[in-house]
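Engineer: Below is a structure I'd like to ask you about.
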Amino acid sequence: MPWIDACSTDDIDEEDLIRWDHGAQTFAIYHSPEGEFFATAGLCSHENVHLCDGLVMGHLIECPKHNGQFDYRTGEAMRAPVCVNLKVFPVKVEAGRVFVEVA
Amino acid sequence: MSKRDYSLFGADAKRAVESGLTAAEWYHTEVPRKVMKDLMARSDRPAIRDTIILYGSMILFAGIGIALWPSWWSAPFWLAYGVLYGSASDSRWHECGHGTAFKTPWMNNWVYEIASFMIMRNSATWRWSHARHHSETYLVGRDPEIAVMRPPEVAKLILNFFGIIDVIKFFPNLIQNALSGPTAAEKTFVPQSDWGKVQKVGIICVAIYAVTLIAAISWGSILPLMVIGLPRMYGAWHHVMTGLLQHGGLADNVIDHRLNSRTVYMNPISRFIYWNMNYHVEHHMFPMVPYHALPRLHEVIKDDLPPPNRSIGEAFAEMWPAIKRQVLNEDYFIRRDLPPTAKPYREDFHQYVPGMMHPGDAE
Ligand code: FES
């Protein structure tokens, strides 16, 4: 799978996320409070709402529509109304750039 | 004049899906990300303070009511207890259901369960119905929480100020939940993974009401029911009053909360009971903002919203005549003007809403 240069590490505040679109796919890229980066599918598994307007709290992303929550490190659905896990994508950081391995 | 079908399996439900209404993106005011992050930030403090005041007052009022029972001197204390039990529990159920009241999840969950019991809603069912209310607010046949269906049945609305219709509906539903899990309609929005939970909650609630009833019968007194159950009726008026104002008399089948929701300035006691849900356009547009930050959100976006009603009385004076007109003409609704600073309503989104393009045509 190709590693794609998605953004700079400075593009995302700590404990926040951004939207990143690549081809026909849309992703959410997260900057954790520990300074690590993660990527998940961009749309909530409940109703296709983009997570980019959501709230990052620690390792959770809360969806802006119905407050469903996922652990963005594993994609695990943590709080109703979400029950289907999010797809996660490997991430690496090189020279201040965030790379996502897209499937 | 169209005839609305509110059934979750009916023609309007089908039409909402086929027309793309259910999948449409709702309007929301642009708010800079940093400002929004600050508004969304969670905190335990305001909700802990309010919860101590709420439950402390309930214990105090019920205690005095019991001590003075059966004298009429106990009545004002029951009325105060009742409004906290039968109305404040509605807003606690709502805000904790969103998970925004407290920062700590177990606190949200506990208050949610207690409030669900008091307001007589199965906690495992209503979490899901409220999600639908937010995705598809006042879309006919899709939103299971439409308080004023058109044409409005005014007598039923008035009876509900005493919780009568809600309570009559609640118990058969609860018994059905306890015996066999969710009803057919509930199964349209509760995922199968939670059907067992719906039944479990049903059994627990039936057990609590049965014990209360047995106590009342064996003591030969309604006092146990004054504490558990009846306050959902004699204290319901406040949440019905504020609940009607949320969307009553406004548009349905639109995808802009400025057209179907109402913000009303209220006195501090009502705001405590209602937990700031008087900022209802703001809440629907940004459900992640906790109740304690809604006044701040209002300041940020108010120039993009219709002017709020200045009081409960003024809001009723606007809404009640509209509800009465809807009795004869169910397509009638109030379309509020936007200030010049606001982005206009997207008429192209709402062409199929009777009266939307040319207000007055619907009459
Ligand atoms: S769309 Fe994400 S929780 Fe409903």
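Engineer: Please work out the FRET efficiency for the pair B:E347 and B:I168, using the Cβ-Cβ distance as r and a Förster radius of 45 Å; give the result to the nearest 0.05. Could the numbers behind the result be given before it?
Structural biologist: Working: r = 41 Å, r/R0 = 0.92.
Approximately 0.60, to the nearest 0.05.
Engineer: GNM on chain A, C-alpha springs below 10 Å: top fluctuator among A:G35, A:G75, A:G58?
Structural biologist: A:G35
Engineer: Which peptide among B:36-46, B:230-240 comes first, and what is the full order, when sorted by highest mean count of other Cβ atoms within 10 Å? Show your work: numbers first, answer last.
Structural biologist: Working: B:36-46: 16.0, B:230-240: 22.5.
Taking the mean over residues of other Cβ atoms within 10 Å, the ranking is B:230-240, B:36-46.
Engineer: When the convex hull of the C-alpha atoms of the protein assembly as shown is computed, what volume per residue in Å³ does it have?
Structural biologist: Dividing the Cα hull volume of the protein assembly as shown by its residue count gives 153 Å³.
Engineer: Only four residue types carry charge here, +1 at the Cβ of Lys and Arg and -1 at the Cβ of Asp and Glu. Report the dipole size of chain A about the Cα centre in Debye, rounded to the nearest 20. Provide the component values of the computation, followed by the final result.
Structural biologist: Details: 7 positive and 17 negative charges, 87 e Å.
Here the size comes out at about 420 debye.
Engineer: Given +1 on the Cβ of Lys and Arg, -1 on the Cβ of Asp and Glu, and no further charges, what dipole in debye does segment B:1-155 carry about its Cα centre, rounded to the nearest 20?
Structural biologist: On the way: 17 positive and 15 negative charges, 52 e Å.
Dipole of segment B:1-155, to the nearest 20 debye: 260 debye.
Engineer: Then there's this: Taking the Cα centre of the protein assembly as shown as origin and charging only Cβ (+1 Lys, Arg; -1 Asp, Glu), how large is the dipole, in debye to the nearest 20? Numbers along the way, then the final one.
Structural biologist: On the way: 42 positive and 50 negative charges, 308 e Å.
Here the size comes out at about 1480 debye.
Engineer: Same structure, new question: For chain B, what are the DSSP H helices with axial Cα length of 27 Å or more and mean Kyte-Doolittle hydropathy of at least -1.0?
Structural biologist: In chain B, the long hydrophobic H runs are B:45-68, B:195-219.
Engineer: Of B:A147, B:A184, B:A23, which is the most mobile in a GNM of chain B whose springs link Cα atoms less than 10 angstrom apart?
Structural biologist: So, out of B:A147, B:A184, B:A23, the one fluctuating most is B:A184.
Engineer: I would also like to ask the following. Which one of B:I334, B:A131, B:A75 is farthest out on the positive end of the charge dipole of the protein assembly as shown, using unit charges on Cβ (Lys, Arg +1; Asp, Glu -1) and the Cα centre as origin?
Structural biologist: B:A75
Engineer: Note down the relative contact order for chain B as a percent, whole number, built from C-alpha pairs under 8 angstrom at least six residues apart.
Structural biologist: On the way: 529 pairs, mean separation 79.1, N = 363.
Relative contact order comes out at 22 percent.
Engineer: Set the Förster distance to 60 Å, then compute FRET efficiency between B:K156 and B:V35 from the Cβ-Cβ distance, nearest 0.05.
Structural biologist: On the way: r = 42 Å, r/R0 = 0.70.
Efficiency, rounded to the nearest 0.05: 0.90.
Engineer: Something else now. Roughly speaking, to the nearest percent, how much of chain B's 1.4 Å accessible area is carbon and sulfur?
Structural biologist: Of all accessible area on chain B, carbon and sulfur atoms account for 67 percent.
Engineer: Here's something else I'd like to know. With a 1.4 Å probe on protein heavy atoms only, work out how much accessible surface A and B bury together, total over both chains, in Å² to the nearest 100. Could you put the intermediate results ahead of the total?
Structural biologist: Numbers: alone 5330 and 16890 Å², together 20630 Å².
Using a 1.4 Å probe, the pair buries roughly 1600 Å².
Engineer: Note down the nm distance, to one decimal, between modelled labels 7 Å out along Cα→Cβ at B:N109 and at A:E15.
Structural biologist: The two pseudo-label positions are separated by 2.2 nm.
Engineer: Considering the Cα trace of segment A:3-101, what is its radius of gyration and what is Dmax, both in angstroms?
Structural biologist: Expressed in Å, the Cα Rg and Dmax of segment A:3-101 come to 12.3, 39.
Engineer: Right, next: Rank A:I18, A:I29, A:I61 by mean-square fluctuation in a GNM of chain A with C-alpha springs under 10 angstrom and give only the top-ranked residue.
Structural biologist: Checking each option, the largest mean-square fluctuation is seen for A:I18.
Engineer: May I ask for the longest run of chain A untouched by trypsin sites (Lys or Arg not before Pro) that are loop-located per DSSP and have at most 15 neighbouring C-beta atoms (other than their own) within 10 Å?
Structural biologist: Details: sites that count: A:R73, A:K87.
Value returned for the longest uninterrupted segment is A:1-72.
Engineer: In peptide A:61-67, what is the residue-averaged number of other protein chain Cβ atoms found within 10 Å of each Cβ? Each step should come with its number before you reach the end.
Structural biologist: Details: counts 0, 6, 2, 6, 6, 13, 9.
Partner-chain Cβ atoms within 10 Å, mean over residues of A:61-67: 6.
Engineer: Further, regarding this structure: Where a ≥ b ≥ c are the square roots of the eigenvalues of the C-alpha gyration tensor, would you call segment B:11-350 rounded, which needs a/c under 1.5, or, failing that, prolate if a/b is larger than b/c, or oblate? All intermediate terms of the calculation are to be shown ahead of the outcome.
Structural biologist: Working: a/c = 1.58, a/b = 1.43, b/c = 1.11.
Prolate shape, in that a/c is at least 1.5 and a/b is the bigger ratio.
Engineer: Using a 1.4 angstrom probe, figure out how much accessible area segment B:169-277 has per residue, in square angstrom, rounded to the nearest whole. Kindly include the intermediate steps, with their values, before the conclusion.
Structural biologist: Details: 4450 Å² over 109 residues.
Accessible surface, normalised per residue, equals 41 Å².
Engineer: Would you please give the FRET efficiency between B:W72 and B:R310, computed as 1/(1 + (r/R0)^6) with r the Cβ-Cβ distance and R0 = 35 Å, to the nearest 0.05?
Structural biologist: On the way: r = 36 Å, r/R0 = 1.04.
With R0 = 35 Å, the Cβ-Cβ based efficiency is 0.45.
Engineer: Carbon and sulfur atoms: what percent of the 1.4 Å accessible area of segment A:3-101 do they account for?
Structural biologist: For segment A:3-101, the apolar C and S fraction of the accessible surface comes to 47 percent.
Engineer: B:I208 to B:S180: extension gain in nm, 0.36 nm per residue of separation minus the Cα-Cα distance? Intermediate results must be reported in sequence, preceding the final value.
Structural biologist: On the way: separation 28, 0.36 × 28 = 10.08 nm, distance 1.83 nm.
The B:I208-B:S180 span can extend by a further 8.3 nm.
Engineer: Can you work out the accessible area per residue across chain A, with the rest of the protein chains kept in place, probe 1.4 Å, in square angstrom?
Structural biologist: Per residue, chain A has an accessible area of 44 Å².
The values are calculated or read from the model by the stated rules, or taken from the named source; none is laboratory data. Note that the coordinates shown come from a computational prediction; the quantities given were computed from them, not determined experimentally. Note that we place each Cβ from the backbone using ideal geometry, even for glycine, and neighbour counts take in every protein chain shown. Quick note on the areas: whole protein, heavy atoms, side chains included, nothing else; ligands and nucleic acids left out. Shrake-Rupley method; radii C 1.70, N 1.55, O 1.52, S 1.80 Å.
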